[in-house]
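Okay, so here's the structure we're looking at.
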Amino acid sequence: MVSPYLNASDNNEDDPYLTGQLIVAMPGMGDPRFDKTVIYLCAHSEEGAMGLVINREMEELTFPDLLAQLDIEPTPSATPIRVQFGGPVESSRGFVLHSPDYLQDSTLVVDNDVALTATVDILRAIADGAGPSCRLLALGYAGWGPGQLDSEIKDNGWLHVEADDDLVFDTDLGSKWERAMSKIGIDPLMLSDVAGHA
């Protein structure tokens with residue numbers, strides 16, 4: 001089981017939840033762990049929400065380091081990927097957000113473009129030079145209890161943005177927050193550092 005929140009992956013037009021979308025931290029949200037973060041929501045329902053930060057690299061751990069810790073020997077054809085900070089919950093647990101061209105029994109298909117796998121088998125596949133064509137490896141996740149994320153959005157802590165492959169899987173992490181803001185027509189320079197209500 002990946003998370004207690006991963007039971008609501010069916011999205012439709014009338015769905016008030018944001019599964020499969022991005023949330024973007026507003027300036028001045030008050031939590032330094034999420035300053036200028038972009039989070040892909042893997043699940044969002046009345047039971048809560050779970051997502052992965054997609055724009056923050058972990059400086060202290062590399063992919064070869066992680067494979068060594070797991071006793072996985074990469075092949076010469078393996079393409080190293082960054083290890084990213086996925087969020088403050090279960091920070092030693094790995095999650096791979098990826099294209100749906102790689103599926104296991106334990107894979108959660110979030111939508112037509114993105115799936116989530118949290119088993120060591122996917123790391124073995126990547127180390128063998130296989131695995132999904134698009135992938136993002138994160139340690140930890142961001143989680144919210146029932147109604148918590150909805151309240152934070154209403155309090156102007158987050159904006160939501162349609163996800164696309166460029167924003168989710170692009171390796172230019174430093175510009176993702178600005179690009180996500182621009183996608184919804186917001187110039188980050190025009191935003192106040194103080195969250196408030198209109």
In the range 53-66, what residues are at pLDDT 95 or above and of a type outside the set (D, E, K, R)?
VAL53, ILE54, ASN55
Checking THR119 against (1) farther than 18 Å from GLN21 by Cα; (2) touching a strand residue (DSSP E or B) at 6+ places or on another chain (Cβ under 7 Å), which test does it fail?
(2)
(1) of a type in the set (S, T, N, Q); (2) out of contact with any Leu (no Cβ under 8 Å at 6 or more places or on another chain); (3) buried (at least 18 other Cβ atoms within 10 Å of the Cβ) all hold for GLN84 apart from (2)
Check on LEU149, more than 21 Å from LEU18 (Cα to Cα) and hydrophobic (A, V, I, L, M, F, W, C):
no
In the range 158-188, how many are of a type outside the set (D, E, K, R), part of a loop (DSSP other than H, G, I, E, B), out of contact with any strand residue (DSSP E or B) (no Cβ under 7 Å at 6 or more places or on another chain) and under 26 Å from LEU137 (Cα atoms)?
1
Scanning the range 14-49 for residues that are farther than 21 Å from PHE85 by Cβ and free of Cβ contacts under 8 Å to residues at least 60 places away in the same chain, the one surrounded by the fewest Cβ atoms within 10 Å (Cβ to Cβ) turns out to be ASP14
Only one of (1) under 15 Å from the mean Cα position of the chain (by Cα); (2) touching a residue at least 12 places away in the same chain (Cβ under 8 Å) fails for ASP170. Which number is that?
(2)
Kindly list, by first and then second residue, each pair from a residue in the range 112-129 that is without any contact (Cβ under 8 Å) to a residue 40 or more places away in the chain to a residue that is of a type in the set (S, T, N, Q) and surrounded by 15 or more Cβ atoms within 10 Å (Cβ to Cβ), limited to pairs with Cβ atoms under 8 Å and residues at least 6 apart or on different chains.
ALA115/SER99; ALA115/THR107; THR117/THR107
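Considering each residue of the range 81-117, count those that are assigned to a loop (DSSP other than H, G, I, E, B) and among the basic types (Lys, Arg), and give that number. Spell out the reasoning first.
Initially, the range 81-117 is screened for residues assigned to a loop (DSSP other than H, G, I, E, B), giving 81-82, 86-88, 99-107, 110-114.
In the following step, the residues that additionally are among the basic types (Lys, Arg) were identified as 82.
Here the count works out to 1.
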Go through ALA68, ALA78, ALA125 for me and flag whichever is part of a loop (DSSP other than H, G, I, E, B) and more than 18 Å from the chain's Cα centre (by Cα).
ALA78
Among (1) β-branched (Val, Ile, Thr); (2) outside any loop (DSSP other than H, G, I, E, B); (3) modelled with pLDDT under 90 - the single one VAL2 does not satisfy
(2)
Return a yes/no flag: does the range 132-153 have any residue that is within 18 Å of the chain's Cα centre (by Cα), over 24 Å from VAL24 (Cβ atoms), touching a residue at least 12 places away in the same chain (Cβ under 8 Å) and crowded, with 21+ Cβ neighbours inside 10 Å.
yes
Sort out which residues of the range 47-71 are among the small types (Gly, Ala, Ser) and out of contact with any helix residue (DSSP H, G or I) (no Cβ under 6 Å at 6 or more places or on another chain), and write them in order of number.
GLY48, GLY51, ALA68
Out of GLU73, GLU57, report the one residue that is under 16 Å from the mean Cα position of the chain (by Cα) and surrounded by fewer than 20 Cβ atoms within 10 Å (Cβ to Cβ).
GLU57
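The values are calculated or read from the model by the stated rules, or taken from the named source; none is laboratory data. Remember, it's a predicted structure, so these values are computed and weren't measured experimentally. Note: ideal-geometry Cβ built from the backbone for every residue, glycine included; neighbour counts use all protein chains shown.
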